[in-house]
Amino acid sequence: MVQDLLHPRVDTELWEEELWDELLAYIEEQRVIPIIGPDLMRVEVEGGEVLLDRYVAGQLAAKLSLPANLLPAEPSLDQVVWQLLGRKRRREALYPTIRDIMLRAPFKSPKPLRQLAEISHFNLFLTMTFDSLLEEAINTVRFAGRPETAIVAYSPNNVKDLDCAKESLNRPTVYHLLGKLSTSPAYVICEEDLLEFVCALQSDAKRPERLFDELEKNHLLLLGLNFSDWLARFFLRTAKRHRLSDQRDVLEILADTRTHHDASLVLFLQHFSSRTRLFQGGGAAEFVEQLWQRWRQRNPEQVARKPIIPPAREMPARAIFISYARQDLAAVQELKAGLDVAGLPVWFDQASLEAGDSWEQKIKSNIGNCSCFLAVLSKNTEARREGVFRREWNYALDRDMNIDPGKPFLIPVVVDDTQEFSRAPDRFLQKHLTWLSGGGVTPEFVKKMQEIMRTS
């Protein structure tokens, strides 16, 4: 059972359950961003577990022949780096060496990362480590191993922001705030690097504004960061962009093995940041275990859901083209998943293309080359007088004029309980409408589509 999540809150089991319920409700509304730190990066090595930071530190020290008597028994990467720099090693030469160590050690993603990846309501993750374990966990759990997770990496000399607001992300996204593994000094390997990144993030010119807008307005789970007192205060203040004592609607929950033992930091948060809660039932892994179990109990339909494989960036030859309103994306993903199982090639635009000459050319080409045009109808298409899907409908109707009436091309489906349509083209309504609630396919519909594809 969770113990004493926060000082000075009421210490009762009822309050603890209410806090879990509150957090899970926020997660289900996609208003929570998990921020992952090094304490969750525990990898299996020779039958045991070790922090990734400690593993890389040991490998780097051995590879560059750093005498063991200069280091503690289990040195951190920071300790190894500053000893090497003290022995006149070039800092720039360490980054490709670390990259080589990581590439030669393909670890399985740790269990807590896979558990977080399974919580499908998370669509934006922030990581404070340079490895790829988090995105590998998401790809494994959600996409059957396909590399579909979007990756963004920050560095002071190459500022990259989110492409769009969190609510508009069309695939799970991992943002590396302290850089990502490479041969260049574009990621954090020591405290001096960390200082440079933190300073850069204070600059208007070097701050990823869209990301920090999301950090400010969403609830945050800070998991395994193990920040020092000053850095924890500084990061929270930077993320929230206001005095921590100001009233705010969003929560921050800290779960790691260090913070709740830091009396000075706990006292500071207690008096100046009342919306920051400290998990005291263990470390980050224990928190994730509790969260994962509770989320699964509340969301059995999400647990049973098939992995969603996003469409390829380019439409496969002779694929089924799905046209839909953006509000129906979840139903369209379910529809595609059902057709994927049947081995049918399916494509829809999930790239949020901007209208213009390039968009016109691509959409016209795809509709001109697809095997059939599956038009998704719903209360959303009825409610919208304008939308990209209407232009797609017009292109499909134009092509249909040149197709033998006996060859099925226009396939209208309804993904909710709407019964009458006043804003759908007459030629759609003259066809046999198929109701697929929530996008779930039926054996009859799959058989119909297989027959259409065989004769196309």
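The values are calculated or read from the model by the stated rules, or taken from the named source; none is laboratory data. Keep in mind the model is a prediction, meaning the values are calculated, not measured. Please note: Cβ atoms are built from the backbone with ideal geometry, for glycine as well, and neighbour counts cover all protein chains shown. Calculation scope for accessible area: heavy atoms of the full protein, side chains included, ligands and nucleic acids excluded. Shrake-Rupley method; radii C 1.70, N 1.55, O 1.52, S 1.80 Å.
Per DSSP H run of n ≥ 4, the term is -39500 (n - 2.57); total these for the chain, divide by its residue number, and report the mean residue ellipticity at 222 nm rounded to 500 deg cm²/dmol. Walk me through the intermediate numbers first.
Values: 18 runs with 192 residues, N = 456.
Computed ellipticity for the chain at 222 nm equals -12500 deg cm²/dmol.
Each Lys or Arg adds one and each Asp or Glu subtracts one; over the other residues with Cβ under 10 Å from the Cβ of Phe268, this totals -1. Listed by chain and number, the aspartates and glutamates whose alpha-carbon sits under 13 Å from that of Lys240, ignoring those within fewer than 8 places in the same chain, are Glu209, Asp213, Glu214, Glu216, Asp249, Glu252. To the nearest ten degrees, helix 133-143 and the longest principal axis of the Cα atoms of the chain are 20 degrees apart. Among DSSP beta bridges lying fully in the chain, give the percent that are antiparallel, nearest 5. Beta bridges within the chain, antiparallel portion: roughly 10 percent. Straightening the chain between Glu386 and Ile309 buys 24.9 nm, computed as 0.36 nm per residue apart minus the Cα-Cα spacing. Here segment 336-455 has 48 percent of its accessible surface on carbon and sulfur atoms, given a 1.4 Å probe and all protein chains in place. When the alpha carbon coordinates of segment 325-404 are projected onto the principal axes, the ranges are 33, 31, 25 Å, largest first. Between the Cα long axis of helix 263-272 and the first principal axis of the chain there is an angle of about 50°, rounded to the nearest 10. Count Lys and Arg as plus one, Asp and Glu as minus one, and take only other residues whose Cβ is under 12 Å from that of Val414; the net charge is then -3.
Volume of the convex hull of segment 117-189 (Cα atoms only), normalised per residue: 85 Å³.
List the pairs from Lys364/Lys407; Lys160/Lys379; Lys166/Lys206 whose alpha-carbon separation is above 29 Å, in the order I gave them. The answer is Lys160/Lys379. For Lys407, the accessible area of its heavy atoms, probed at 1.4 Å with every protein chain present, is near 60 square angstrom. The string of couplings for segment 327-337 from the Karplus curve (6.51, -1.76, 1.60, θ = phi - 60°) is 5, 9, 4, 4, 5, 5, 4, 5, 4, 4, 4 Hz, one whole number per residue in order, with x for Gly and Pro. Per-peptide packing, taken as the mean over residues of other Cβ atoms within 10 Å, places 22-34, 109-121 in the sequence 109-121, 22-34 from highest down.
Please work out, to two decimal places, the log10 of the ratio I(q)/I(0) at q = 0.12, 0.13, 0.16, 0.20 Å⁻¹ from a Debye calculation in which every Cα of segment 379-456 carries one identical scatterer. Once normalised to I(0) and log-transformed, intensities are -0.38, -0.45, -0.69, -1.06. Ranked by the mean number of other Cβ atoms within 10 Å of their residues, highest first, the peptides 58-69, 274-285 come out as 274-285, 58-69.
Taking a ≥ b ≥ c as the square roots of the eigenvalues of the alpha-carbon gyration tensor, segment 84-225 is classed oblate because a/c is 1.5 or more while a/b is no larger than b/c.
Each label was represented as a point 7 Å from its Cα along the Cα-to-Cβ direction; for Asp249 and Lys217 these points are 1.0 nm apart.
Relative to the longest principal axis of the Cα atoms of the chain, the long axis of helix 13-28 makes an angle of roughly 50 degrees.
Of the peptides 367-376, 207-216, the order by per-residue mean of other Cβ atoms within 10 Å, starting with the highest, comes out as 367-376, 207-216. A compact globular protein would have a Cα radius of gyration near 2.2 N^0.38 Å; the ratio found for segment 212-344 is 1.49.
Rounded to two decimals, what is the ratio between the C-alpha radius of gyration of the chain and 2.2 N^0.38 Å?
Against the compact-globule rule of thumb, the ratio is 1.13.
Protein heavy-atom accessible surface, 1.4 Å probe, per residue over the chain: 48 Å². Which aspartates and glutamates have a Cα lying under 12 Å from the Cα of Lys63, excluding residues fewer than 8 positions away in the same chain? Qualifying aspartates and glutamates at Cα under 12 Å: Asp100. Note on Lys111: aspartates and glutamates with a C-alpha under 15 Å away, same-chain residues under 8 apart excluded, are Asp39, Glu44, Glu49, Glu135, Glu136, Glu286, Glu289.
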